1. For segment 23-33, how many residues are out of contact with any strand residue (DSSP E or B) (no Cβ under 9 Å at 6 or more places or on another chain) and surrounded by 13 or more Cβ atoms within 10 Å (Cβ to Cβ)?
2. Pairs under 8 Å by beta carbon, first residue open to solvent by less than 70 Å² (accessible area, probe 1.4 Å) in segment 82-93, partner not in a loop (DSSP other than H, G, I, E, B), six or more apart or different chains?
3. Sort out which residues of segment 1-42 are charged (D, E, K, R) and part of a loop (DSSP other than H, G, I, E, B), and write them in order of number.
4. Tally up the residues in segment 9-22 that are open to solvent by less than 70 Å² (accessible area, probe 1.4 Å) and either of a type outside the set (A, V, I, L, M) or within 26 Å of residue 86 (Cα to Cα) (or both), please.
5. Identify the residue in segment 43-78 that is surrounded by fewer than 14 Cβ atoms within 10 Å (Cβ to Cβ) and part of a loop (DSSP other than H, G, I, E, B) and, among all such residues, is modelled with the lowest pLDDT.
Amino acid sequence: MALIYPVRIDSPEPDDDAAPDFAELAADLSDHWLVEIDLGEDGDDACFGPLTPRAAWDLALGVDERQPDWTVSVLPLHVPGTPDELVALFTED
């Protein structure tokens, strides 16, 4: 599985064999999300959005289930705040 999505640093660590869960997604980063799909052949990729966090998650998970060899990323389109605030969301003090 090559599903990539942002999670907060203080989120509990999932079990190694656990399926991806929407609750892990740091969905409060943005109201608008993008799903990027890397087909892995000759640099071909596609982007879909803007989508709500849930719609982006459902699309990414559905594509990943059907094509596990592709890399599917769920990305926020807008992150409010300063660079320092953004970095603080994902790092430990």
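1. Residues meeting the conditions: 1.
2. Close Cβ pairs satisfying both conditions: 89/29.
3. Those that are charged (D, E, K, R) and part of a loop (DSSP other than H, G, I, E, B): 8, 10, 13, 15, 16, 17, 21, 31, 41, 42.
4. The qualifying residues number 4.
5. Result: 43.
The values are calculated or read from the model by the stated rules, or taken from the named source; none is laboratory data. Values in this document were obtained by computation on a predicted structure and should not be read as measured data. No Cβ is skipped: glycine too gets one built from the backbone with ideal geometry, and neighbour counts run over all protein chains shown. In case anyone asks, the SASA skips ligands and DNA or RNA and just uses the protein heavy atoms, side chains included. Shrake-Rupley method; radii C 1.70, N 1.55, O 1.52, S 1.80 Å.
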